[in-house]
Amino acid sequence: FMKRGQLLSQPFFYIFAVLVIGLILIFGFKYVGKILETSCKVENLDLINDVRSQVNQLRSLSFGSSYECTFTAASTGDRRCEFVVPKNVRGICFVDTTRGQFEQIKFTDIKEIVSDLGAAANKNIFFSADYGDCTAEPAMIKNIQILSPVCVDTTKENSFIMENSGNIIEIRK
């Protein structure tokens, strides 16, 4: 049997329990969202680093050496030059912004970004993303030459050529 003071303490216990559970849910959803956003950014940075390392590897080979490279959703390991694309990226363009050949870019969102940044962009790889929660930032890959924009649709069969032209790697379709 309950005494008089115990009856009043029970509602405070339930209110406290509801508050604690509510705070756990609110902070849990907030941090799960941040973790998903961080994982998306890490996937994009992995792709950029993979392209950089492939460029550096090709530079160490003899003049005229080339790779036919592809973008895939998952690595098969069958090809020498294969890049795993994050889920949100549907297109990738290599563009030399100083050449001003923006009309040859087939992705409208990349075309807008490149034309907004202009010749002083200091970036040469651009991404077209499916959704806005995780956008892939443009990056600069050193030691590459792009004579005309090379755009690759990652949702279809795709490939491009990386060729050693001395101290520079030429990217072409």
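The values are calculated or read from the model by the stated rules, or taken from the named source; none is laboratory data. This one's a predicted model, so the numbers in the text were calculated from it and none came from an experiment. Reconstructed Cβ throughout: ideal geometry from the backbone, glycine too, with neighbour counts over all protein chains shown. Heads up: the accessible areas ignore ligands, DNA and RNA and are worked out on the full protein's heavy atoms, side chains in. Shrake-Rupley method; radii C 1.70, N 1.55, O 1.52, S 1.80 Å.
Only residues that are of a type in the set (Lys, Arg) and either outside any strand (DSSP E or B) or loosely packed, with under 14 Cβ neighbours inside 10 Å (or both): list them for the stretch 138-173, please. Before the answer, list the steps.
Within the stretch 138-173, the subset of a type in the set (Lys, Arg) is 142, 156, 172-173.
Within the stretch 138-173, LYS142, LYS156, LYS173 qualify.
Does THR70 meet the test of being more than 14 Å from the chain's Cα centre (by Cα), open to solvent by less than 60 Å² (accessible area, probe 1.4 Å), among the polar types (S, T, N, Q) and modelled with pLDDT of 85 or more?
Values: more than 14 Å from the chain's Cα centre (by Cα): yes; open to solvent by less than 60 Å² (accessible area, probe 1.4 Å): yes; among the polar types (S, T, N, Q): yes; modelled with pLDDT of 85 or more: yes.
Criteria met by THR70.
Any residue at all in the stretch 101-109 that is surrounded by 12 or more Cβ atoms within 10 Å (Cβ to Cβ) and over 30 Å from LEU147 (Cα atoms)?
Residues of the stretch 101-109 that are surrounded by 12 or more Cβ atoms within 10 Å (Cβ to Cβ), as a first pass: 101-102, 104-107, 109.
Those still in the list that are over 30 Å from LEU147 (Cα atoms) too: none.
No - not one qualifying residue is present in the stretch 101-109.
Report, by residue number, each residue of the stretch 110-137 that is small (Gly, Ala, Ser) and either modelled with pLDDT under 80 or surrounded by 15 or more Cβ atoms within 10 Å (Cβ to Cβ) (or both).
Narrowing the stretch 110-137 to residues small (Gly, Ala, Ser): 115, 118-121, 128-129, 132, 136.
Within the stretch 110-137, GLY118, ALA119, ALA120, ALA121, SER128, ALA129, GLY132, ALA136 qualify.
I need every pair where a residue in the stretch 96-123 that is free of Cβ contacts under 8 Å to residues at least 40 places away in the same chain has its Cβ under 8 Å from the Cβ of a residue that is basic (Lys, Arg) and part of a loop (DSSP other than H, G, I, E, B), sequence separation at least 6 or different chains.
Qualifying pairs under 8 Å: THR97/LYS123; LEU117/LYS123.
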